[in-house]
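Report on one structure; see the data block that follows.
The values are calculated or read from the model by the stated rules, or taken from the named source; none is laboratory data. Remember, it's a predicted structure, so these values are computed and weren't measured experimentally. No Cβ is skipped: glycine too gets one built from the backbone with ideal geometry, and neighbour counts run over all protein chains shown. Side chains included, ligands, DNA and RNA excluded: accessible areas come from the protein's heavy atoms. Shrake-Rupley method; radii C 1.70, N 1.55, O 1.52, S 1.80 Å.
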Amino acid sequence: MQNGEIDIIEGVNNQTVVKTALHTTQDCSMDDVPLGVKTGFWDTAQGVPKKDGTIDHTLRDADDCFVYDPHQWLNQGCVAISDEKGTIGTPLNKKGGGVFVLEWDPINRFIKSWVFTPHKEVPTNLMESILTAKNSEISDRVTPDPSLWGLPYAYFPIGQGTKCSSSHFRNMHLIFNLALCGTVAGNRFFMDCPDLNKKYGSCNKYIASNPEAMNELYWKIKGVYVYQRAWEKSWA
């Protein structure tokens, strides 16, 4: 976790609302987010096991990105939830998918995240930038302008003047991953899937006993687009 992790799309178990999560080393807190900069809200942590074996029943916002924060689930990080329902999982599939966007801007000291579904909800500027991205002439391509898309659901302040240094996020790589019984999903299995947990005892045992339930687990992606400011390219 030395270079940090940004999960543009995150969801576990039967959740149907998309989340964006940051995972870092110590000293990266999001309890100073300004008002009026996002539409979403923080995920919560409750029922977390303590070191002494007891359960912490206090309900807290998951706004500390430190993966070992003692008051949050292991590797939970700081997690922003969209205010729009049906943005991952089966409900998203029924709407024909959507467009997910992350803006990582250490110069202006923030990370923002949007989701637009169904596709008719995609802002005109964003749709035009996608449709013209493969044009051979650069002058024929539309530049994405996040200021035209409305407020993001996730807003993470980073850099000078915030409680999270921008140095927490370096050398990022794009990865598509389906983690079966990951750290958060596995630990929450007894809460999110109580009937299955009662029957099988754990997430791992459920997976081992029902491999056919994984047949429809896959990503279907039409395109991935990465943009960088022209004046920033000269720094590379």
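Name every residue in the range 217-227 that is open to solvent by less than 100 Å² (accessible area, probe 1.4 Å) and at pLDDT 90 or above, in order of residue number. Steps first, answer last, please.
Here is the first cut: in the range 217-227, the residues open to solvent by less than 100 Å² (accessible area, probe 1.4 Å) are 217, 221, 223-225.
Ile221, Gly223, Val224, Tyr225 - these are the residues of the range 217-227 that are open to solvent by less than 100 Å² (accessible area, probe 1.4 Å) and at pLDDT 90 or above.
Against the numbered list (1) surrounded by 15 or more Cβ atoms within 10 Å (Cβ to Cβ); (2) modelled with pLDDT of 95 or more, Asp195 comes up short only at (1).
Scanning the range 9-32 for residues that are among the charged types (D, E, K, R) and over 14 Å from Asn75 (Cβ atoms) returns Asp27, Asp31, Asp32. If you scan the range 198-216, which residues turn out to be over 19 Å from Thr16 (Cβ atoms), open to solvent by 100 Å² or more (accessible area, probe 1.4 Å) and either of a type outside the set (Asp, Glu) or at pLDDT below 90 (or both)? Listed by number, the residues that qualify are Lys198, Lys199, Asn204, Lys205, Asn215.
Contact map, the range 148-162: first residue more than 11 Å from Lys38 (Cβ to Cβ), second residue among the aromatic types (Phe, Trp, Tyr), Cβ cut-off under 9 Å, separation 6 or more or different chains; pairs are Trp149/Trp114; Trp149/Phe116; Ile158/Trp104; Ile158/Phe110; Ile158/Phe169; Gly159/Phe110; Thr162/Phe110; Thr162/Phe156.
Being exposed (fewer than 11 other Cβ atoms within 10 Å of the Cβ) and either part of a helix (DSSP H, G or I) or touching a Pro at 6+ places or on another chain (Cβ under 6 Å) (or both) is the requirement here; does Ser147 meet it? Let's see the steps before the verdict.
Details: exposed (fewer than 11 other Cβ atoms within 10 Å of the Cβ): yes; either part of a helix (DSSP H, G or I) or touching a Pro at 6+ places or on another chain (Cβ under 6 Å) (or both): yes.
When the stated conditions are applied, Ser147 passes them.
Kindly indicate whether any position in the range 121-129 is open to solvent by 30 Å² or more (accessible area, probe 1.4 Å), under 23 Å from Leu22 (Cα atoms) and within 21 Å of the chain's Cα centre (by Cα). Checked against the condition, which is being open to solvent by 30 Å² or more (accessible area, probe 1.4 Å), under 23 Å from Leu22 (Cα atoms) and within 21 Å of the chain's Cα centre (by Cα), the range 121-129 yields no hits at all.
Identify all residues within the range 37-57 that are without any contact (Cβ under 8 Å) to a residue 40 or more places away in the chain, part of a loop (DSSP other than H, G, I, E, B) and open to solvent by less than 70 Å² (accessible area, probe 1.4 Å); write none if there are none. Steps first, answer last, please.
So in the range 37-57, the residues without any contact (Cβ under 8 Å) to a residue 40 or more places away in the chain come out as 42-46, 48-57.
Going one step further and asking which of them are part of a loop (DSSP other than H, G, I, E, B), we end up with 43, 46, 50-54, 57.
If the condition is that a residue be without any contact (Cβ under 8 Å) to a residue 40 or more places away in the chain, part of a loop (DSSP other than H, G, I, E, B) and open to solvent by less than 70 Å² (accessible area, probe 1.4 Å), then Asp43, Gly53, Thr54 are the ones that fit.
Apart from one condition, Val17 fits all of (1) surrounded by fewer than 20 Cβ atoms within 10 Å (Cβ to Cβ); (2) part of a loop (DSSP other than H, G, I, E, B); the exception is (1).
You will find that of Met191, Met172, the residue that is closer than 30 Å to Ala133 by Cβ and either touching a residue at least 60 places away in the same chain (Cβ under 8 Å) or of a type in the set (Asp, Glu) (or both) is Met172 and no other. Looking only at the range 26-36, residues that are open to solvent by less than 60 Å² (accessible area, probe 1.4 Å) and under 12 Å from Phe66 (Cβ atoms) come to 3 in all. Considering only residues in the range 67-100 that are free of Cβ contacts under 8 Å to residues at least 60 places away in the same chain and either touching a helix residue (DSSP H, G or I) at 6+ places or on another chain (Cβ under 8 Å) or open to solvent by less than 40 Å² (accessible area, probe 1.4 Å) (or both), the one that is nearest to Tyr155 (Cα to Cα) turns out to be Val99.
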